[in-house]
Amino acid sequence: MSEIMTFGTDNEDIKGGYKKYQGKKGETHRAGFVYSDPKSMFAGAKVHYNQRYFLCKKTICCDKQAPRWRVGTVIVLYSTDKLGNPKMDPFSYEILPWMFSEQSYNKLRVADSEFPLISHDVKITCTNQEYQNLDINSCKESIWQMKEDFKKKVLEEAKPVWEHVKKNLASDLSVEEIKDLISGGTEGGADPSATNVNLEDVLKNV
Ligand SMILES: [Zn+2]
């Protein structure tokens with residue numbers, strides 16, 4: 001992505017801060033969920049997408065599009081080969097925000113029912129990069145929790161990232177701003193993480 005784009009003052013991609021986790025097609029990554037409290041491993045909100053994610057205010061925003069959950073968490077992403085096997089020499093990792101759709105959350109719940117996410121890393125395989133369609137497979141152990149001092153370090157580094165996740169799941173727009181956005185004449189474009197998902201949801205309900 002190195003094209004030149006034009007925009008006004010609403011480009012939320014430019015804010016420094018954290019790079020977000022993104023699956024890459026054909027690659028398998030290995031990650032652990034970093035939590036200090038297993039009961040609040042995820043943050044979530046009902047949102048809409050129109051040029052950006054914004055919180056549902058149960059008003060005009062719902063006229064054309066049902067709200068959808070957007071979920072965020074903090075992961076430790078280990079450096080691996082393309083099959084998701086950790087590189088041990090040297091071992092490295094990144095602490096990243098990961099925000100995703102209902103579909104991925106449901107896959108994580110399924111994985112969790114067999115191998116709890118609090119004590120098992122997952123392998124994430126991307127099948128469609130544009131829509132971030134991801135397959136989740138549980139790992140035997142949780143690397144970041146295997147050594148007490150490493151665990152402490154990861155927990156410490158994850159703190160500001162977790163605050164970032166909670167603040168940046170979606171924009172908190174006023175109803176006026178939502179009206180402007182919706183009536184702005186632009187068709188918003190498809191939710192990059194949900195267009196494909198909508199179709200599946202439709203079929204689920206048949
Ligand atoms: Zn709404």
With respect to residue 101, is the statement that it is surrounded by fewer than 17 Cβ atoms within 10 Å (Cβ to Cβ), under 19 Å from residue 21 (Cβ atoms) and touching a Lys or Arg at 6+ places or on another chain (Cβ under 8 Å) true?
no
Can you tell me which residue in segment 26-74 is surrounded by the fewest Cβ atoms within 10 Å (Cβ to Cβ), limited to those that are touching a helix residue (DSSP H, G or I) at 6+ places or on another chain (Cβ under 8 Å) and aliphatic (A, V, I, L, M)?
60
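Do any strands (runs of 3 or more DSSP E) entirely within segment 18-72 hold 1 or more residues that are more than 16 Å from the ligand (Cβ to nearest atom), and if so, which?
Working: elements: 28-33, 43-49, 53-55.
Hits in segment 18-72: 28-33, 43-49.
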Kindly provide the set of residues from segment 124-163 that are surrounded by fewer than 17 Cβ atoms within 10 Å (Cβ to Cβ) and under 17 Å from residue 72 (Cβ atoms), ordered by number.
157, 159, 160, 163
In segment 91-108, is there at least one residue being more than 16 Å from the ligand (Cβ to nearest atom), acidic (Asp, Glu) and outside any strand (DSSP E or B)?
no
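State the number of residues belonging to segment 93-124 that are within 14 Å of the chain's Cα centre (by Cα) and either under 30 Å from residue 66 (Cα atoms) or charged (D, E, K, R) (or both).
Filtering segment 93-124 down to residues within 14 Å of the chain's Cα centre (by Cα) leaves 95-108, 124.
Now restrict to residues that are either under 30 Å from residue 66 (Cα atoms) or charged (D, E, K, R) (or both): 96-108, 124.
Result for segment 93-124: 14.
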For the structure I just gave you, tell me whether residue 75 is at pLDDT 95 or above and under 30 Å from residue 173 (Cβ atoms).
yes
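Being out of contact with any strand residue (DSSP E or B) (no Cβ under 7 Å at 6 or more places or on another chain) and farther than 30 Å from residue 11 by Cβ narrows it down to one of 176, 156, 130, so name that one.
On the way: 176 fails: farther than 30 Å from residue 11 by Cβ; 130 fails: farther than 30 Å from residue 11 by Cβ.
None of the other options fit; the residue is 156.
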Single residue of 81, 112 found to be surrounded by fewer than 17 Cβ atoms within 10 Å (Cβ to Cβ), under 27 Å from residue 25 (Cβ atoms) and away from the ligand (no atom under 16 Å from the Cβ)
81
Would you confirm whether any residue within segment 126-142 is in a helix (DSSP H, G or I), touching a helix residue (DSSP H, G or I) at 6+ places or on another chain (Cβ under 9 Å) and under 18 Å from residue 52 (Cα atoms)?
no
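The values are calculated or read from the model by the stated rules, or taken from the named source; none is laboratory data. As the structure is a computational prediction, the values presented were derived from the model and not from experiment. Positions of Cβ are backbone-derived with ideal geometry, glycine not excepted, and every protein chain shown enters the neighbour counts.
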